[in-house]
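Only one structure is covered here, and it is reproduced in the block below.
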Amino acid sequence: MVQNQPRPRGRPRSYDPAVALDQARAAFWNTGYAATSLDDLSAATGLNRPSLYGAFGDKKAMYIQALEKSRAEINAGLAAAMAPEEHLRVALTRVYEASAGIYMRGDSGPRGCFLIGTAVTEAVDDPDIRDVLASALSEIDAAFEARISRAMEVGNLPGSSDAAGMARVATGVLNGLAVRARAGGDLATLRAMGASVVDLICGRAGR
């Protein structure tokens, strides 16, 4: 005998959570965490408030998820760009060129980096956001330090180089590109900044 299967409660999921999170992140990115309302998020994602809560939790939980997604994307991007078999100059140049292009994108103008552009302000008063931001920066430092240490091992840099110090400088300039982009800087300026820090770390090409 065929038995009737119980019907699941509520509406079946009719949206892609990854797409919805990207849409929510775009809203936060354009106007910042504090200025983005639940109505704004509903409009951006096409989900009503109950659906938003069901999918992501409250506004802060949604924002933290967006930060974590950006953090993961940054880590993956750095790992892909800084191939260990290439000269350090090539790897670093790729990082800064790619980052400059990404930071200049945006529907209503250059938006820079989501983490730097939105989390820096909120981190002052919110320890959860501060922890995500601090962890992301530490991971970027670690990625640069590992790649610079590899360059020292293969002779691209002197063995006496300060890998940790250079890594923090590399991260600082990367963040500076994001700020310049959000402040209206042009692509040529961002590329020049990137080239300058590559020269600072690797030495001027041809010298």
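Numbers below:
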{"item": "Segments classed as helices (runs of 4 or more DSSP H), wholly inside segment 118-207, with at least 2 members that are farther than 26 Å from HIS87 by Cβ", "result": "127-154, 163-182"}
{"item": "Segment 172-188, residues that are over 15 Å from the mean Cα position of the chain (by Cα) and either surrounded by fewer than 14 Cβ atoms within 10 Å (Cβ to Cβ) or of a type in the set (A, V, I, L, M) (or both)", "result": "ALA183, GLY184, ASP186, LEU187, ALA188"}
{"item": "Candidates GLY77, GLY46, GLY57, GLY117, filtered to the one that is out of contact with any helix residue (DSSP H, G or I) (no Cβ under 6 Å at 6 or more places or on another chain), surrounded by 15 or more Cβ atoms within 10 Å (Cβ to Cβ) and under 19 Å from LEU21 (Cβ atoms)", "result": "GLY77"}
{"item": "Candidate set from segment 103-124 (those that are within 10 Å of the chain's Cα centre (by Cα) and aliphatic (A, V, I, L, M)); member that is nearest to LEU200 (Cα to Cα)", "result": "ILE116"}
{"item": "Segment 132-171 - residue that is hydroxyl-bearing (Ser, Thr, Tyr) and in contact (Cβ under 8 Å) with a residue 12 or more places away in the chain and, of those, surrounded by the most Cβ atoms within 10 Å (Cβ to Cβ)", "result": "THR171"}
{"item": "Residue check for ALA178: small (Gly, Ala, Ser), in contact (Cβ under 8 Å) with a residue 40 or more places away in the chain and within 26 Å of LYS60 (Cβ to Cβ)", "result": "yes"}
{"item": "Flag for ARG105 being without any contact (Cβ under 8 Å) to a residue 60 or more places away in the chain and either of a type in the set (D, E, K, R) or surrounded by 15 or more Cβ atoms within 10 Å (Cβ to Cβ) (or both)", "result": "yes"}
{"item": "Number of the exception - THR189 against (1) in contact (Cβ under 8 Å) with a residue 60 or more places away in the chain; (2) in contact with a Lys or Arg (Cβ under 9 Å, 6 or more places away or on another chain)", "result": "(1)"}
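Rundown of residues vs (1) out of contact with any Ser or Thr (no Cβ under 9 Å at 6 or more places or on another chain); (2) within 18 Å of ARG111 (Cβ to Cβ); (3) at pLDDT 95 or above, yes/no style:
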| site | (1), (2), (3) |
| --- | --- |
| ASN4 | yes, no, no |
| PRO8 | yes, no, no |
| ARG11 | no, no, no |
| ALA18 | yes, no, no |
| ARG49 | no, no, no |
| GLY54 | yes, no, no |
| GLN65 | yes, no, yes |
| GLU68 | yes, no, yes |
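The values are calculated or read from the model by the stated rules, or taken from the named source; none is laboratory data. Remember, predicted model here, so these are calculated numbers, not experimental data. Methodologically, a virtual Cβ is constructed for each residue, glycine included, from the backbone with ideal geometry; neighbour enumeration extends over all protein chains shown.
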